[in-house]
Ligand code: SF4
C-alpha cells in the first residue's frame with residue numbers, strides 16, 4: 001500500500017516492531033505452573049515485522065485469558081488459554097494464531113477492532129439454515145487463525161502471518177460495528193471468515209453492544225475454543241456454525257495442525273448450553289470423503305447433538321496448498337448426504353454445488369417441504385408458527401415463526 005495514499009482510519013495491521021521491554025512488575029502475582037507446556041508456538045513473524053507501534057494504538061489491547069507461565073529458564077513467559085492450543089509464549093513471541101503476543105510478560109491482542117472484513121451478508125451464506133432464515137448478518141473478521149488448514153478458502157487473511165501478507169484493514173470500534181450493522185438492517189453480527197476466538201476481546205465487546213442493540217450474535221468457528229473462552233462467550237452467543245472437518249485426530253493433525261477432541265467437546269458444550277448449533281463439513285476428495293468416515297461422522301452427530309442438527313456438506317474448490325486437487329464430484333456429495341440420511345440425520349444440506357438439489361428444508365416427521373432456497377435466498381416458506389402445515393411438527397431452529405418471504 002502506498003504510504004501517501006493511506007487514509008487515517010485505514011492502516012496495515014502489522015507495521016514497525018515496537019521495542020518489547022521486559023517488565024517483571026507487569027506479571028500477575030500468582031504465576032501458574034503448567035503441568036505441560038503444550039505446543040511450542042512457531043516463531044511466526046520476526047520481531048522486526050510485528051505490531052503496529054505502541055500500546056496506545058487502539059488495536060493493541062491487553063488480552064483476556066492470558067496467565068503467567070512459570071518457566072524457570074525464561075522469565076516473563078505467558079500462556080494464552082483462549083483456545084485449545086494453550087500456547088506458551090516467551091517474551092515478544094506470538095501465538096500459533098499470529099495475532100496474540102507476549103509483551104513485557106503480558107498477553108496482548110494485536111488485532112482488536114482491526115477488521116479485514118465488515119459487510120452484510122445473507123445468514124444462509126455462513127451457512128445457517130435454521131437460524132433467522134432469510135435474514136442478513138453483519139460479518140466481521142480480523143486476520144489470523146489458530147488452524148492452518150491446507151485448503152483454507154480464506155487463507156489470504158487467516159494465514160497472512162504465515163504467508164508474509166499484510167491484508168488491508170480498518171479500525172472499527174465495537175460501537176461502530178454495531179452502528180454499521182443496524183444501518184445495514186441486519187438481525188445479527190457474524191464473527192467469521194477466520195477463527196473468531198483469535199479476536200476474542202473484540203468479539204466479546206461487540207457482542208455485548210450488539211445484544212444491547214437487539215441484535216443476535218453468531219459464530220462461524222472451527223470449535224477450538226477453550227472451556228474458559230466458552231464461559232465468556234456463551235452468555236452472549238446465540239448460534240454457532242461449527243466446522244466439523246472430520247471425526248478423527250488424523251485429519252485434524254495432518255491437515256489443520258490441531259486435534260479432534262477439543263472440537264468434539266466444544267460442539268457438545270455449545271449444544272448443551274443452549275447455543276443453536278449447525279455443522280459444516282467441506283468434503284475433500286481423498287482426504288475426508290471415505291464412506292466409512294462419513295458414516296462415523298453422521299453417527300457421532302446423531303448421538304452427540306441429535307438427529308435434527310443441520311449438517312451442511314459442501315464442495316471443496318481447489319485452493320491454497322491443495323490447488324492441485326480436483327473439486328468434489330457431485331456424486332460424492334450426493335452419496336455423503338444419502339449416508340447421513342440413512343444414519344437418521346433429518347436436515348442434511350449440500351452446498352456450493354448448484355447442480356445438486358439439496359437446499360430445501362423438509363419436515364423431519366412427515367417429509368413435507370417447509371422452506372425452499374435458491375442461492376442464498378429463501379424463496380418459499382410453508383411453516384405456520386414454526387410448524388409443518390401438514391403434521392404440525394415443530395421445526396428445530398430459532399426465529400422460524402415469521403416468514404421472510406415477501407409475497
Ligand atoms: S488463541 Fe490459541 S493459537 Fe492464539 S495464542 Fe491463544 S492459544 Fe495460541
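Every number here is computed from the coordinates shown, using simple stated rules; none is lab data. It should be emphasised that the depicted structure is a prediction, and the values quoted were computed from it without experimental measurement. Ideal geometry is used to build each Cβ from the backbone, glycine not excepted, and the neighbour counts take in all protein chains shown.
In table form, for the structure just shown:
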item: Residue with peak Gaussian network fluctuation, the chain [Cα springs, cutoff 10 Å], from 248, 146, 217; result: 248
item: Fewest-first ranking of 94, 60, 362, using other Cβ atoms within 10 Å as the exposure measure; result: 362, 60, 94
item: Candidates 287, 232, 204: whichever shows maximal mean-square fluctuation once the chain is modelled as a Gaussian network with Cα springs under 10 Å; result: 287
item: Ranked 278, 225, criterion: other C-beta atoms within 10 Å, fewest first; result: 278, 225
item: Calculated Rg and Dmax of the chain using C-alpha coordinates, Å; result: 21.7, 69
item: Tilt relative to the chain, helix 200-212 - C-alpha long axis, 0 to 90 degrees, to 10; result: 50
item: Between the stretch 234-311 and the stretch 341-364, the alpha-carbon center distance in angstrom; result: 17
item: Counting DSSP beta bridges with both ends in the chain, the antiparallel % (nearest 5); result: 50
item: Average Cα contact separation per residue, the chain, under 8 Å, 6 or more apart, as relative contact order %; result: 12
item: Highest-MSF residue in the chain out of 97, 149, 391 [GNM, Cα springs under 10 Å]; result: 391
item: Extension reserve of the residue 369-residue 357 stretch, reckoned as 0.36 nm per residue once the Cα distance is removed; result: 3.0 nm
item: Whether the stretch 218-289 is rounded, prolate or oblate, judged on the alpha carbon gyration tensor where a/c under 1.5 counts as rounded; result: prolate
item: Angle in degrees between helix 260-272 and the longest Cα principal axis of the chain, rounded to the nearest 10; result: 60
item: Helix 330-343 vs. the chain, principal-axis angle (Cα, 0 to 90°, nearest 10); result: 80
item: Peptides ranked, highest mean first, by Cβ atoms within 10 Å: ranges 176-184, 371-379; result: 176-184, 371-379
item: Relative contact order of the stretch 267-407, defined on C-alpha pairs under 8 angstrom at six or more residues apart (%); result: 18
item: The stretch 231-276, relative contact order [Cα under 8 Å, separation at least 6], %; result: 45
